[in-house]
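This report concerns only the one structure given below.
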Amino acid sequence: MTECERLLEELKSKAVEVVSAEEAARRPGASEKDISDARMLREAFIGLRQLAADQVAREGTSRDAQSLAQVMAQLS
């Protein structure tokens with residue numbers, strides 16, 4: 001597995017976590033911790049997304065670029 005593939009898999013996993021956390025934060029009665037966790041996960045996702053984008057730009061294949069675009073579209 002290349003570094004690009006590893007980062008993209010990590011990014012996909014983080015995206016699932018973000019979606020789940022944001023759903024929990026939007027539920028009625030969500031705690032401040034739920035809201036804070038969702039924000040922190042979103043920020044971590046953004047950082048990882050930038051790292052993955054940089055890696056794909058340097059060494060990625062067209063397939064890596066497509067995978068990155070799909071993940072980015074998922075959380076736009």
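Return the residue satisfying two criteria in turn: it lies in the range 24-69 and is surrounded by fewer than 12 Cβ atoms within 10 Å (Cβ to Cβ) and acidic (Asp, Glu), and of such residues it is farthest from the chain's Cα centre (by Cα).
Per the criteria, the residue is GLU32.
Kindly provide the set of residues from the range 26-64 that are assigned to a loop (DSSP other than H, G, I, E, B), in contact (Cβ under 8 Å) with a residue 24 or more places away in the chain and farther than 18 Å from CYS4 by Cβ, ordered by number. Talk me through it step by step, then tell me what you get.
Of the range 26-64, the ones assigned to a loop (DSSP other than H, G, I, E, B) are 27-31, 60-61.
Filter again for in contact (Cβ under 8 Å) with a residue 24 or more places away in the chain, leaving 60-61.
Result: no residue meets the conditions.
Restricting to the range 14-23, count the residues that are open to solvent by less than 60 Å² (accessible area, probe 1.4 Å) and within 8 Å of the chain's Cα centre (by Cα).
3
The values are calculated or read from the model by the stated rules, or taken from the named source; none is laboratory data. Since the structure is predicted, the reported quantities are computational estimates derived from the model, not experimental observations. Every residue, glycine among them, receives a Cβ derived from its backbone with ideal geometry; neighbour counts consider all protein chains shown. Heads up: the accessible areas ignore ligands, DNA and RNA and are worked out on the full protein's heavy atoms, side chains in. Shrake-Rupley method; radii C 1.70, N 1.55, O 1.52, S 1.80 Å.
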